[in-house]
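I have placed the structure first, in the form of structure tokens, so that the comments after it can refer back to it.
Read the figures in this text as sums done on the coordinates, not as results from a lab. These numbers were taken from a predicted model, which means no experiment stands behind them. Here the Cβ is made from the backbone with ideal geometry for all residues, glycine too, and neighbour counts use every protein chain on show.
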Amino acid sequence: MKTIYILWLRQLKRYFRSKARMVGSLGQPLLFLVALGFGFGPIYQKAGGGNYLEFLAPGVIAMGILFTAVFTGIEIIWDRQFGFLKETLVAPVSRMTIMLGRTLGGATVAMIQGIIVFGMCLAVGFRVTNLALLPLALLFMFLIAFFFTALGTAIASVLEDMQGFQLIMNFLVMPTFFLSGALFPLQNLSKPLLIVASADPLSYGVDGLRGALINGSHFGMTTDIVVLSLATFFVLAVGSYLFSKIEI
């Protein structure tokens, strides 16, 4: 437990020490929120969809969490290259404990990022429909953060250097975000696209956030929690196995 706490605290210190990283990671969510929220808002409203900013905000919050969580997991590659990971792995604790501590730390960082983005959404006019469901929204934010931090760690465990980073971005992270329904409703989609969106774990995170914040769930929040929780446990198990195979 002490090791998990130390690794968790180390991730938080690393995040708060990097002011440029904190500010820079807010640029993309803010761009999507303002450009799309206000740009497509009138079109979305004329099409009968209602307030697009309210629809978009949960997706933008999920995006802020997604990118921060994956990048935090990928930091293992940097730690390996500069020797920091070796110092951690030689400690007399199980690698499962190390993996769990790093993942919890990365998930906490990503969740803080999501809360900041949530504050930005409130600042530009987004309003929560039911404040009583706000704790549920925080639960979904944590599940999204935990899942994608564990996924980033699993990916980083099998990569030797950062050359595969662009491959991850172009063929995993970006499609995961754009196919999750963060930017468009899942209702009335073509069947092939709906199948792809239903296989995307982020879809259930976005849908759960949307249900908790604006009562707009597509799959149902119970389904969202169950699917996202099972996916998180699975990825954590796979990530722990891959992390245990890292050679120092």
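How many residues are under 24 Å from residue 149 (Cβ atoms) and in contact with a Pro (Cβ under 8 Å, 6 or more places away or on another chain) if we restrict to region 213-229?
Total meeting the criteria: 3.
Of (1) touching a residue at least 40 places away in the same chain (Cβ under 8 Å); (2) more than 26 Å from residue 43 (Cβ to Cβ); (3) out of contact with any Leu (no Cβ under 9 Å at 6 or more places or on another chain), residue 214 satisfies all except one. Which?
In the conditions (1) touching a residue at least 40 places away in the same chain (Cβ under 8 Å); (2) more than 26 Å from residue 43 (Cβ to Cβ); (3) out of contact with any Leu (no Cβ under 9 Å at 6 or more places or on another chain), residue 214 misses (2) alone.
May I ask you to list the residues in region 176-206 that are surrounded by fewer than 14 Cβ atoms within 10 Å (Cβ to Cβ), part of a helix (DSSP H, G or I) and without any contact (Cβ under 8 Å) to a residue 12 or more places away in the chain?
191, 192, 195
Suppose the filter is touching a residue at least 60 places away in the same chain (Cβ under 8 Å), in contact with a helix residue (DSSP H, G or I) (Cβ under 9 Å, 6 or more places away or on another chain), under 24 Å from residue 173 (Cα atoms) and hydrophobic (A, V, I, L, M, F, W, C); does residue 107 pass it?
Judged against the criteria, residue 107 is not a match.
Looking only at residues that are among the β-branched types (Val, Ile, Thr) and in contact (Cβ under 8 Å) with a residue 24 or more places away in the chain in region 217-236, which one is farthest from residue 60 (Cα to Cα)? So that I can check it myself, show each step before the final result.
Step one: filter region 217-236 for residues among the β-branched types (Val, Ile, Thr), giving 222-223, 225-227, 232, 235.
Narrowing further to those that are in contact (Cβ under 8 Å) with a residue 24 or more places away in the chain: 225, 227, 232, 235.
On the way: 225: 19, 227: 21, 232: 21, 235: 23 Å.
Top of the filtered list is 235.
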